[in-house]
Amino acid sequence: MENKKICVFCSSSDALRKPFYDAAEELGIIMGNKKYTLIHGGGQIGLMGAMGRSVKANGGKVIGVIPEKLNKKGIVSENDDEIIVTKDMGARKAKMCELADAFIALPGGFGTLEEILEVITLKQLKYHTKPIVFINSENFYYNLFSQFEILYQEKFAKEDYKKLYAIVSNAAEAIEYIEKYNYEIIQDKWFL
């Protein structure tokens, strides 16, 4: 399925252990080889930069979406095919969501968590039906998924919402999930 646009949320930290960069580069290789388009935060540092360079080096296209405040030399990617500058972070996320056919979360910090949780929430509220995947590199998201289980057990969220996202261990599994994805109807949010 050529021209698929996949939005990847991930760290912009340059201080990470090598396995995290390896995971980002592996995803970039697969996406590039399939001629997919990466939608990302437009940065050239951290996993974001590694991912963008890997997609481009392997024949894919890269679109960066960056808010005005971060559109600075040394931060913004000079490698992307296109950079879209938005007014603020809210407009950035809306643009990324609009452009994407699917979402992947690699390991990341507060921004990554906020972005992936927002697309899960939007799907829960039926604003979109796109696939969402966590790549749990180095078991990075273990504690987050434990917290999700507490949400289900304590009835803050319905067990049915496990269908909103997939949890995989590597890039190949993430792409396979997206390529085979069929939206499953979920229950409405409210416990009545």
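Has the range 122-138 got at least one residue that is closer than 23 Å to SER13 by Cβ and open to solvent by 50 Å² or more (accessible area, probe 1.4 Å)?
If we filter the range 122-138 for residues that are closer than 23 Å to SER13 by Cβ, which is where we start, we get 132-138.
From what's left, open to solvent by 50 Å² or more (accessible area, probe 1.4 Å): 138.
The answer is yes; a qualifying residue exists.
Could you grab me the full set of residues in the range 61-70 that are surrounded by fewer than 23 Cβ atoms within 10 Å (Cβ to Cβ), in contact (Cβ under 8 Å) with a residue 24 or more places away in the chain and not hydrophobic (A, V, I, L, M, F, W, C)?
Within the range 61-70, LYS61, PRO67 meet the criteria.
Under the condition of being aromatic (Phe, Trp, Tyr), open to solvent by less than 90 Å² (accessible area, probe 1.4 Å) and part of a helix (DSSP H, G or I), which residue from the range 139-148 is nearest to ALA174 (Cα to Cα)?
Of everything passing the filter in the range 139-148, PHE145 is nearest to ALA174 (Cα to Cα).
Yes or no, residue by residue, for (1) assigned to a strand (DSSP E or B); (2) farther than 17 Å from ILE116 by Cβ:
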site	(1), (2)
MET31	no, yes
LEU38	yes, no
MET48	no, no
VAL62	yes, yes
LYS69	no, yes
LYS73	no, yes
ASP80	no, yes
ILE84	yes, yes
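For the range 96-121, what are the residues that are open to solvent by 50 Å² or more (accessible area, probe 1.4 Å) and assigned to a loop (DSSP other than H, G, I, E, B)?
Of everything in the range 96-121, just one residue is open to solvent by 50 Å² or more (accessible area, probe 1.4 Å) and assigned to a loop (DSSP other than H, G, I, E, B), namely ASP101.
Quick one: would you say THR121 is of a type in the set (Ser, Thr, Tyr) and closer than 15 Å to GLY42 by Cβ? Reasoning before the result, please.
Working: of a type in the set (Ser, Thr, Tyr): yes; closer than 15 Å to GLY42 by Cβ: no.
No; evaluated as a whole, the condition is false for this residue.
Inside the range 9-24, can you point out the residues that are farther than 16 Å from SER77 by Cα, in contact with a Ser or Thr (Cβ under 7 Å, 6 or more places away or on another chain) and either surrounded by fewer than 20 Cβ atoms within 10 Å (Cβ to Cβ) or not small (Gly, Ala, Ser) (or both)?
Once the filter is applied, which keeps residues that are farther than 16 Å from SER77 by Cα, in contact with a Ser or Thr (Cβ under 7 Å, 6 or more places away or on another chain) and either surrounded by fewer than 20 Cβ atoms within 10 Å (Cβ to Cβ) or not small (Gly, Ala, Ser) (or both), the range 9-24 yields PRO19, PHE20.
Among what's in the range 74-88 and is of a type outside the set (Asp, Glu) and modelled with pLDDT of 90 or more, pick the residue that is surrounded by the fewest Cβ atoms within 10 Å (Cβ to Cβ).
Filtering first and then ranking leaves LYS87.
Is it fair to say ILE186 is open to solvent by less than 60 Å² (accessible area, probe 1.4 Å), under 22 Å from ASP101 (Cβ atoms) and either part of a loop (DSSP other than H, G, I, E, B) or among the polar types (S, T, N, Q) (or both)? Don't jump to the end; show me each part of the working.
Values: open to solvent by less than 60 Å² (accessible area, probe 1.4 Å): yes; under 22 Å from ASP101 (Cβ atoms): yes; either part of a loop (DSSP other than H, G, I, E, B) or among the polar types (S, T, N, Q) (or both): yes.
Taking the combined requirement at face value, the residue satisfies it.
The values are calculated or read from the model by the stated rules, or taken from the named source; none is laboratory data. The structure presented is a predicted model; accordingly, all values stated were derived computationally and were not measured. Don't worry about glycine lacking a Cβ; one is built from the backbone with ideal geometry, like all the others, and counts go over all protein chains shown. What goes into the accessible areas is simple: the full protein's heavy atoms, side chains included, and nothing from ligands, DNA or RNA. Shrake-Rupley method; radii C 1.70, N 1.55, O 1.52, S 1.80 Å.
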